[in-house]
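Here the structure is laid out as structure tokens; the discussion comes afterwards.
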Amino acid sequence: MTTKTKYKELWIASVDIVASPGYKFNDLVDCSECNDTLPSYDGAWANIILHAKTINEAINLIEKGLSEKNFSIKFIDKIENLHSLVEDENVNIDLVREAEWLYTSKYCFMISDKLWPYLDT
């Protein structure tokens, strides 16, 4: 499969995530480098890379992948096809590297880079 063709099966989603009912957000994330004064976060924004044939399949994978880690979707801001981003040269090389890794792995879901936690105010 050519690079351009495989990118058509890769998606990037910007998602606002929260802890599933019965869980605390801070308990679900690895914060081994943080100190004990960390606030109790309400949620986080995440970029999620998905390997799916269609956008509908990608949406289902977001929900399934997050639920496996005891997270829930609060809001999906956008989902874009990686092929379109590459064609428009609107993607950084780190994202492409992560997408390449996901494409060649047995996985179909990954959180890209890091989480951006927030407090509801």
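Of note:
- A straight Cα-to-Cα reach below 20 Å connects Lys24 with the lysines Lys64, Lys69, Lys74, Lys114, residues fewer than 8 places away in its own chain not being considered.
- Ligands, DNA and RNA left out, the 1.4 Å accessible surface of the chain is 49% carbon and sulfur atoms.
- Plainly put, the chain has a radius of gyration that is 1.00 times its Kirkwood radius, both from alpha-carbon atoms, as the Rg/Rh ratio.
- In degrees, nearest ten, helix 93-104 long axis to first principal axis of the chain (Cα): 80
- The C-alpha atoms of the chain define a longest principal axis, and helix 55-68 lies at about 30 degrees to it.
- Solvent accessible area, Å² - Ile48, 1.4 Å probe, full protein context: 0
- The local environment of Asp94, defined by Cβ-Cβ distances under 14 Å, has a net charge of -1 under the rule Lys, Arg +1 and Asp, Glu -1.
- Largest accessible area first, the listed residues Lys53, Lys64, Lys78, Lys6 line up as Lys53, Lys64, Lys78, Lys6 when surface is computed with a 1.4 Å probe on the assembled protein chains.
The values are calculated or read from the model by the stated rules, or taken from the named source; none is laboratory data. It should be emphasised that the depicted structure is a prediction, and the values quoted were computed from it without experimental measurement. Positions of Cβ are backbone-derived with ideal geometry, glycine not excepted, and every protein chain shown enters the neighbour counts. Accessible surface is based on the protein model in full, side chains and every heavy atom, while ligands, DNA and RNA are left aside. Shrake-Rupley method; radii C 1.70, N 1.55, O 1.52, S 1.80 Å.
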